[in-house]
Amino acid sequence: MEQKAKKNNTFAEVGKVLEEAKKILIFTHVQIDGDCLGSATALCRMLRNEGKEAWILMDEEVPGYLSFLETDYCLIHPKENHKELLEGADLCFAVDCSDPGRFETLRDLFLQGPKTLCVDHHSTNVGFADVNYVGRDCAAAAEVVYKLIRSMDKTIDPVMATAIYTGMVTDTGQFQYSATTAETHRIAADLMECGADFLKVSIEVYQSHTMARVLLKGRILSELELFADGKAAMAYVSQALLAELGATMDEVEGVVEELRGIKGVEYAVFLKEINEDTVRVSLRSKEFADVSAIGKQFGGGGHVRASGCTFKGTLGEARTQLKKAVEEQWKALSTC
Ligand code: AMP
Ligand code: MN
Ligand code: MN
């Protein structure tokens with residue numbers, strides 16, 4: 001049975017939890033993106049400015065295109081390398097995470113926290129922490145973080161402004177996706193006035209691609225498939241292709257948006273082979289389809305126009321099953 005979403009706590013309640021905590025561990029989701037890391041670094045900086053001890057935990061490296069953010073706050077592979085720093089924490093704080101499964105290997109560490117807090121914007125988030133604020137109408141978790149920091153009456157310095165702006169610009173596809181609102185633009189304008197280095201974000205995130213990445217994208221796109229009456233586009237990346245080109249998985253960022261960019265395409269599906277029996281799936285829709293419903297069918301979730309899941313099976317099985325799920329939804333939509 002589907003779990004009913006808990007009522008949001010207020011920003012005042014979230015602020016109180018943060019004011020009371022002394023040592024805070026911030027959790028992001030796996031496959032780190034600009035929104036979770038931008039949000040986490042801005043919050044970590046705010047907390048440290050208050051004299052608190054705060055760290056961001058992650059069981060993977062920071063992707064190259066985000067390394068301009070305050071990565072000194074990050075404890076990489078914390079369970080192996082930073083055991084002493086994990087001790088004595090009084091708050092585990094999740095940002096941009098729809099459910100504890102999104103922490104993968106750090107799930108238990110989060111849930112064992114003496115107190116848990118979650119600030120997010122995913123519609124599928126039911127409120128898994130002790131205290132929750134899910135801004136379902138916000139285009140990015142960074143937008144929620146901005147509102148929270150403003151409600152706490154804390155200063156947003158240029159470094160924090162740049163980090164929050166990064167979250168907003170990346171999660172809205174440079175202010176193009178349908179979740180973008182007038183409020184999103186008002187917040188972005190305020191961040192620019194706070195000193196956000198928007199040009200740096202543009203260059204680091206969108207204009208610093210490696211040759212390997214450009215070549216990889218070309219190879220992936222050359223094999224894309226259209227189906228469901230041309231309404232769906234699917235592409236995939238295998239470990240073999242990465243090895244052949246000497247590329248890494250973080251270099252495929254943006255491929256799913258290319259698929260959605262095809263005229264007439266409503267559904268975009270991009271499959272990343274992690275290993276023999278694990279495939280990460282990214283789903284996007286353009287105007288009317290609900291891809292969060294498809295993500296959910298495979299144990300994932302997300303938003304109506306952008307969702308994902310981790311598929312347990314081979315790349316071939318993932319291709320077949322995702323194709324079937326999209327075709328079924330399209331058939332139901334086109335016949336009603
Ligand atoms: P991605 O395609 O990885 O950028 O993810 C698109 C959206 O789906 C993001 O908002 C994610 O938070 C969400 N998402 C991706 N993978 C999962 C998953 N395994 N479970 C729940 N939500 C997910
Ligand atoms: Mn995210
Ligand atoms: Mn997000």
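Every read-out reported here was derived from the displayed coordinates using simple, explicitly stated rules and does not represent laboratory data. Here the structure is a predicted model, which means the values were calculated and not measured. Using ideal geometry, Cβ is built from the backbone for each residue, glycine included, and neighbour counts are taken over all protein chains shown.
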**Message:** Greater than 26 Å separation of Cα atoms is the criterion. Which listed pairs, Lys83/Lys147; Lys115/Lys147; Lys6/Lys296, meet it?
**Reply:** Lys83/Lys147
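Specify whether the C-alpha gyration tensor of the stretch 115-202 places it in the rounded, prolate or oblate class, a ≥ b ≥ c being the square roots of the eigenvalues: rounded for a/c under 1.5, otherwise prolate if a/b is larger than b/c and oblate if not. Write down the numbers at each step before the final one.
Values: a/c = 2.15, a/b = 1.36, b/c = 1.58.
It comes out oblate by the Cα gyration axes.
Is the C-alpha gyration tensor of the stretch 191-336 telling us rounded, prolate or oblate? Criteria: a/c under 1.5 is rounded; beyond that, a/b larger than b/c is prolate, otherwise oblate.
oblate
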**Prompt:** What is the antiparallel percent of DSSP beta bridges lying wholly in the chain, to the nearest 5?
**Reply:** 45 percent
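Treat every Asp and Glu Cβ in the stretch 162-228 as -1 and every Lys and Arg Cβ as +1, leave all other atoms uncharged, and give the resulting dipole magnitude about the Cα centre to the nearest 20 debye.
Values: 5 positive and 8 negative charges, 55 e Å.
Dipole magnitude for the stretch 162-228 comes out near 260 debye.
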**Complete:** The helix 182-193 Cα axis meets the longest alpha-carbon principal axis of the chain at an angle in degrees, between 0 and 90 and rounded to 10, of 50 degrees
**Message:** At a 10 Å Cβ-Cβ cut-off, how would you order Tyr65, Tyr73, fewest neighbours first?
**Reply:** Tyr73, Tyr65
**For Thr310, Thr28, Thr71, order by how many other beta-carbon atoms lie within 10 Å, fewest first** = Thr71, Thr310, Thr28
**Item:** Partner lysines for Lys331 [C-alpha distance under 16 Å; skip if fewer than 8 residues away on the same chain]
**Value:** Lys231, Lys323
**Prompt:** Nearest 20 debye, what's the magnitude of the dipole of the stretch 36-87 about its Cα centre given +1 on Lys and Arg Cβ and -1 on Asp and Glu Cβ?
**Reply:** 180 debye
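Could you work out the relative contact order of the chain, using alpha carbon pairs under 8 angstrom and six or more residues apart, expressed as a whole percent?
Values: 636 pairs, mean separation 42.9, N = 336.
Normalised by residue count, the contact order of the chain is 13 percent.
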**Asked** GNM, the chain, Cα, under 10 Å: largest mean-square fluctuation among Lys324, Lys272, Lys115?
**Response** Lys324
**Message:** To make sure I understand the rule: partners must be lysines, Cα under 16 Å from the Cα of Lys200, and not fewer than 8 residues away in the same chain. Which ones qualify?
**Reply:** none
**Item:** Separation of alpha-carbon centers, the stretch 226-242 and the stretch 118-167, rounded to whole Å
**Value:** 33 Å
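Classify the stretch 1-153 as rounded, prolate or oblate, taking a ≥ b ≥ c as the square roots of the eigenvalues of its Cα gyration tensor: rounded when a/c is under 1.5, otherwise prolate if a/b is larger than b/c and oblate if not. Could the numbers behind the result be given before it?
Details: a/c = 1.28, a/b = 1.21, b/c = 1.06.
Taking the square roots of the gyration eigenvalues as a ≥ b ≥ c, the stretch 1-153 is rounded.
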**Message:** Which lysines, if any, have their Cα less than 18 Å from the Cα of Lys79, not counting same-chain residues under 8 positions apart?
**Reply:** Lys23
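Got a sec? How would Val30, Val279 order by Cβ neighbour count within 10 Å, fewest to most?
Val30, Val279
So for the stretch 239-336, averaging the separation of alpha carbon pairs under 8 Å that are six or more residues apart and normalising by length, what relative contact order in percent results?
Details: 156 pairs, mean separation 20.1, N = 98.
Contact order relative to length: 21 percent.
For the chain, what is the convex hull (Cα atoms) projected area averaged across all directions, in square nanometres? Walk me through the intermediate numbers first.
Details: hull surface 67.9 nm².
Dividing the Cα hull surface by four gives the mean projection, 17.0 nm².
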**Loop chymotrypsin sites (Phe, Trp or Tyr not before Pro), the stretch 255-336 (other Cβ atoms within 10 Å of the site Cβ: 13 or fewer; DSSP)** = Phe288
